[in-house]
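Structure, as C-alpha cells:
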Amino acid sequence: MQSIFRDIEFKKDELMSCHTTFRIGGPAKYLFTPKSQEEILKIIDICKKNDIKYMIMGNGSNVLFSDKGYDGAIIQIYNSYCDIEVLDDGLYAKAGALLAKLATVARDNSMTGMEFAAGIPGTLGGAIVMNAGAYGGEMKDIVEYVELLMPDGTVDRVLCDNMKFGYRESIVSKDMIVLGAKLKLQKGDKKLIQSRMDELKEARTSKQPLDLPSAGSTFKRPEGYYAAKLIDDSGLRGFKCGGAMVSDKHCGFVVNYDKATCQDVLNLIEQVQEIVEDKFGVRLEPEVKIIL
C-alpha cells in the first residue's frame, strides 16, 4: 500500500488522540495531509479503487474517535490545504483554513462579519458542513458560495441560497466534500472589529471550560430549550463517567478531565440523554461527530 501512496505524504497507525481537541482516539490506518485539490482527489480515487474507507477531517475540534482507531484513511486538510485570498468584498479560502485565522485576516483588512467566528476552533470546511455559529452569527450569514466535490467526482460551485443551511446542518452529505468557499464581508473599522472580537473572547473564556480537552458543545440545542440548562437542571453538573465529566463550568460541554476513553464519553452521553429525557421528556442529540 505504501508504494501506491508513494507520491503523497502520509503517516501510518497515527493516534487520533494527537489530532483531536478531545485528545481521544486510537490509531488511524493512514493519515494524509494533502496540500492541493489534486492530491485530495488522488487519495480519494486510490481509496475507492482499493476499497479503503476514508473521511475528510479539519483540526478535529468536533469529533470523537473510537479507542480502536479508524480502519481507513483520514484525509486531514487542516494546516496543509488552507490558503486564504483577500478580495475586494471578502475572502476566498480553502477548506482547511481555521476560522480564527480567517477572522484575523478579515480584521487586518478592515472587513467585518467574521467576528462571531474568531473563537470557534474549527476549519472552514467543517464550519460550512454544520453551519457553525456563535453569539448571533452563523456561516450562512457570510457564505457567498461553496465549492463542493460531488459524489461523481465533479466540482460544483453552490450558492449560499442552495446550501440549505439550517441549525447545525447544510446540504453537504457524507458523500460530498467542501473544498473551499467565498465569504462575503463588509468594510468596517478595524478598532471596532477588534473590540468585538475581544468582547467575544472574554465571554468564551469566562463561560467555557477552555482549560480541558473537549469537542466544544456536546449536544445540539433542542427546539425551545437550551441543552446546558436541561443538563444543569437535571443535577448533572460535574457528573462523571470514568475520565469524562460534564463540565462544572458549562454543562453543555463534556470534558476529558482524566485520560478519558471514547467509551467513557459515550457512557456519559448516554446517561445524560436518559436522565434529561426522564426528567424533561427531551431527548438530547449529540452535536459532536462520533466515529466508531
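The values are calculated or read from the model by the stated rules, or taken from the named source; none is laboratory data. Keep in mind the model is a prediction, meaning the values are calculated, not measured. Here Cβ is always computed from backbone atoms with ideal geometry, including for glycine, and neighbour counts include all displayed protein chains. Accessible surface areas use protein heavy atoms only, side chains included; no ligands, DNA or RNA. Shrake-Rupley method; radii C 1.70, N 1.55, O 1.52, S 1.80 Å.
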Scan the range 57-71 and give yes if some residue there is open to solvent by 70 Å² or more (accessible area, probe 1.4 Å) and assigned to a helix (DSSP H, G or I), otherwise no. no
Might you let me know whether the range 233-250 holds any residue that is acidic (D, E) and over 30 Å from V146 (Cβ atoms)? yes
Which ones in the range 254-265 are in contact (Cβ under 8 Å) with a residue 40 or more places away in the chain and either surrounded by fewer than 18 Cβ atoms within 10 Å (Cβ to Cβ) or part of a loop (DSSP other than H, G, I, E, B) (or both)? Y257, A260, T261, Q263
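Consider the range 143-158. How many of its residues are closer than 14 Å to A93 by Cβ and surrounded by fewer than 24 Cβ atoms within 10 Å (Cβ to Cβ)? So that I can check it myself, show each step before the final result.
Residues of the range 143-158 closer than 14 Å to A93 by Cβ: 143-147.
Okay, now just the ones that are also surrounded by fewer than 24 Cβ atoms within 10 Å (Cβ to Cβ), so 144-145, 147.
The qualifying residues number 3.
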Matching residues, the range 129-181, being over 22 Å from E287 (Cα atoms) and either free of Cβ contacts under 8 Å to residues at least 24 places away in the same chain or aromatic (F, W, Y) (or both): Y145, D152, T154, D156, R157, V158, L159, C160, D161, N162
Filter the range 75-98 down to residues that are closer than 19 Å to S110 by Cβ and part of a strand (DSSP E or B) and give me whichever is most open to solvent (accessible area, probe 1.4 Å). E85
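Starting from residues that are at pLDDT below 95 and either surrounded by 13 or more Cβ atoms within 10 Å (Cβ to Cβ) or on the phi > 0 side of the Ramachandran plot (or both), keep the ones in the range 5-28 and report whichever is farthest from the chain's Cα centre (by Cα).
Applying the filter and picking the extreme gives F5.
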Restricted to the range 159-213 and to residues being open to solvent by 40 Å² or more (accessible area, probe 1.4 Å) and of a type in the set (V, I, T), the residue modelled with the highest pLDDT is I171
In the range 214-241, which residue that is among the small types (G, A, S), modelled with pLDDT of 95 or more and surrounded by fewer than 16 Cβ atoms within 10 Å (Cβ to Cβ) is farthest from Q273 (Cα to Cα)? G238
Flagged in the range 191-225 as touching a residue at least 24 places away in the same chain (Cβ under 8 Å) and either closer than 19 Å to D264 by Cα or among the hydroxyl-bearing types (S, T, Y) (or both), in numbering order, are P209, L212, P213, S214, A215, G216, S217, T218, F219, Y225
